[in-house]
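Novice: Got a structure for you, written out below as structure tokens; questions coming shortly.
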Amino acid sequence: MSKGKIALIAVIVILAGLLVYVGPEKYLNLEFIKSKLDILTGYREESPLLSVLVYSGIYIAVTAASIPGALVLTLLGGAIFGFVLGTGVVLISATIGATIAFLVARYLFEDLVASKMGERVAKIRESFRKEGALYLFSMRLVPVIPFFAINLLMGLTSIRTVTFFVASLIGMAPGTMVFINAGTQLGKLDSVKGLLSPTLIASFLLLAVFPYVAKFALKAIRKKFIGNEEV
């Protein structure tokens, strides 16, 4: 077994241990996070670096294991770290987690993923052959296919790991910023006044219109680079 595979397995074991210890299914819901927001914010103020490392580790583990809850974690990132730091931490953590899932699918469970995904595998491979990294970028920008499925399916294509990482990072950036911005307003939901704050209203408007803006932008990008306006 190559050193790369041994290292990948070691990472998986560590992340699995973290997930078992944390028990994310108990905590990855908006109600729980909202009830503990003051405590979590206090931890961040007392130990900012440790808070970032712990949060990032949990985010990476959840994303790599394809556990539902990344959206709630993203909102939490905005709530406790603010827009700038929250965006950076979430983007990097999500991309690392996605890349781990991608590598697992490619090097450890290729046959299993191929059998579970069925006809999607051939379609993904053909689309990637035609469009290259732009295809992955488009799926990240307008996530028609679930996040975890993109990670696994792209592991069965010939895309380079570095290309996967960079295209994912850039493609997820706009959507991440929208959700982080919404997350910064979680602490204001304790009153009717909070519900009516201009920033919160703007956040929800961004969430509503982002898919349409992203689709329009993607059409323009496709037209410019490959002469294809269809998403």
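The values are calculated or read from the model by the stated rules, or taken from the named source; none is laboratory data. Computed from a predicted model, the values in this text were never measured in an experiment. Neighbour counts run over all protein chains shown; Cβ positions are idealised from the backbone, glycine included. The area values use the complete protein model at the heavy-atom level, side chains included, leaving out ligands, DNA and RNA. Shrake-Rupley method; radii C 1.70, N 1.55, O 1.52, S 1.80 Å.
Novice: Can you tell me which residue in the range 58-80 is modelled with the lowest pLDDT, limited to those that are open to solvent by 20 Å² or more (accessible area, probe 1.4 Å) and of a type in the set (Gly, Ala, Ser)?
Specialist: SER66
Novice: Condition (residue is surrounded by 14 or more Cβ atoms within 10 Å (Cβ to Cβ), at pLDDT 75 or above and in contact with a Phe, Trp or Tyr (Cβ under 9 Å, 6 or more places away or on another chain)) applied to the range 1-24: is it met by at least one residue?
Specialist: For the range 1-24, residues surrounded by 14 or more Cβ atoms within 10 Å (Cβ to Cβ), at pLDDT 75 or above and in contact with a Phe, Trp or Tyr (Cβ under 9 Å, 6 or more places away or on another chain): absent.
Novice: Contact list please: Cβ distance under 9 Å, first residue in the range 86-101 and under 13 Å from VAL52 (Cβ atoms), second residue at pLDDT below 95 and outside any helix (DSSP H, G or I), pairs at least six apart or on different chains.
Specialist: GLY86/THR184
Novice: Quick check on my filter: what residues within the range 34-49 are under 15 Å from VAL89 (Cβ atoms) and open to solvent by 100 Å² or more (accessible area, probe 1.4 Å)?
Specialist: Selection gives TYR43, LEU49.
Novice: Within the bounds of the range 172-186, is there any residue that is modelled with pLDDT under 80, surrounded by 14 or more Cβ atoms within 10 Å (Cβ to Cβ), part of a loop (DSSP other than H, G, I, E, B) and not small (Gly, Ala, Ser)?
Specialist: yes
Novice: To continue, here is another question. Among PHE83, PHE128, which is closer than 26 Å to TYR43 by Cβ and surrounded by fewer than 21 Cβ atoms within 10 Å (Cβ to Cβ)?
Specialist: Just a single option satisfies the conditions, and that option is PHE83.
Novice: Which members of the range 141-162 meet the condition of being surrounded by 15 or more Cβ atoms within 10 Å (Cβ to Cβ) and under 14 Å from PHE102 (Cα atoms)?
Specialist: Scanning the range 141-162 gives PHE147, PHE148, ALA149, ILE150, ASN151, LEU152, LEU153, MET154, GLY155, LEU156, THR157, ILE159.
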